[in-house]
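The values are calculated or read from the model by the stated rules, or taken from the named source; none is laboratory data. The structure presented is a predicted model; accordingly, all values stated were derived computationally and were not measured. Heads up, the Cβs are rebuilt from the backbone with ideal geometry, glycines too, and the neighbour counts pull from every protein chain shown. Ligands, DNA and RNA are excluded from the accessible area calculation, which covers all protein heavy atoms including side chains. Shrake-Rupley method; radii C 1.70, N 1.55, O 1.52, S 1.80 Å.
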Amino acid sequence: MDLNLKGKVVMVAAASKGMGYATALECAREGAIVSMASRDKDAIEAAAEAIRQETGAQVKAYAFDAKDSASIAHWAEATLNELGPVKGLLVNAGGPPTGQFDSFSDDDWQDAFELTLMSSVRMIRAVLPSMRESGGGSILAITSSSVKEPIDILLLSNVMRSGVTSLFKSLSQQLGPDNIRFNTMIPGKIDTDRLRGTIKAQSAKRGISEEELSKEMSATLPLQRFGSAEDAGKACAFLLSDASSYITGVSLAVDGGLIKTVW
Ligand SMILES: NC(=O)c1ccc[n+]([C@@H]2O[C@H](COP(=O)([O-])OP(=O)(O)OC[C@H]3O[C@@H](n4cnc5c(N)ncnc54)[C@H](OP(=O)(O)O)[C@@H]3O)[C@@H](O)[C@H]2O)c1
């Protein structure tokens, strides 16, 4: 299937590794012009170069911090000026810290709000005028299975990502007439540094090896394996592309069957 991304500008946030990187790579493989960003300038430059080498696509790297309103605006402005109208945006960032209700201060809640929810608002705001003017586009956010089944130690993530899901559903209704689509991708257990970090911490706590815990965790999944970053990246590239032109307001789980709810 041709995703019809050739020559289209796609912005991918938090893309130096993991699912952001995999999405940037899949879009570049499909011929998109990719604007990728994360905090670490060297890491994002290296990631962009790796994608250029593999695909020959036009790829630009920018440093930005999803918590910082000015750097989001700067990334979007530079992309529009240097690459042209944006047709796709992947909203993504690192996840908020783990912990229990009693351990979080107002500052922790505020930080999570800035990182996860306000960054989404600001990234959307930064590309909206250009998308409206150029006849539409697709905006996608990476959330978490915690929006369907809250995860005990990820309280901040559970709450803020539910807000993101609601934001995207609301905007799919409001901005459909502008031909701007809003969807979210729900990762289950995707094999990235983020998941490996969690496994390392939990295995130390339980006194078992990381390998043992990984086996135990993946055995509980219907597909019996963790997802790869590529599994997630392919789904994101599809939702960012015209191949999904009649899909808006949905949350697509890429979770190997992890989520047990019917809806
Ligand atoms: N992997 C999973 O199984 C899973 C499941 C559910 C939800 N999630 C969520 O999905 C998102 C992506 O996860 P991942 O597994 O792909 O993570 P990852 O492999 O650890 O990659 C995280 C990426 O985010 C960038 N980043 C972190 N904080 C940032 C910030 N404040 N501003 C801009 N960029 C930032 C990092 O680059 P720099 O360090 O250069 O900034 C890196 O490129 C996270 O929010 C994670 O919590 C993951």
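Numbers for the structure displayed
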| read-out | value |
| --- | --- |
| Reachable lysines, given that their alpha-carbon falls under 20 Å from the alpha-carbon of K41 and they are not under 8 places away in the same chain | K17, K60, K67 |
| Folded to 0 to 90 degrees: helix 69-83 orientation relative to the chain principal axis, Cα | 40 |
| Helix-only [θ]222 nm of the chain, DSSP H runs n ≥ 4, -39500 (n - 2.57) each, per residue, nearest 500 | -14500 deg cm²/dmol |
| For the chain, accessible area per residue (1.4 Å probe, heavy atoms of protein chains only), Å² | 48 |
| Kirkwood Rh and Cα Rg combined as Rg/Rh, the chain | 0.96 |
| Listed residues L89, P150, S162: farthest to the positive end of the dipole of region 60-177 (Cβ charges) | L89 |
| Folded to 0 to 90 degrees: helix 119-133 orientation relative to the chain principal axis, Cα | 20 |
| From phi via Karplus (6.51, -1.76, 1.60), per-residue ³J(HN,Hα) for region 203-209 in Hz, x at Gly/Pro | 5, 4, 4, 8, x, 10, 6 |
| Extension gain from W263 to A243, taking 0.36 nm per residue of separation minus the Cα-Cα distance | 4.8 nm |
| Segment K205-A73, extension gain: residue separation times 0.36 nm, minus the distance between their alpha carbons | 43.4 nm |
| Cα centroid separation - region 171-219 against region 58-114, whole Å | 18 |
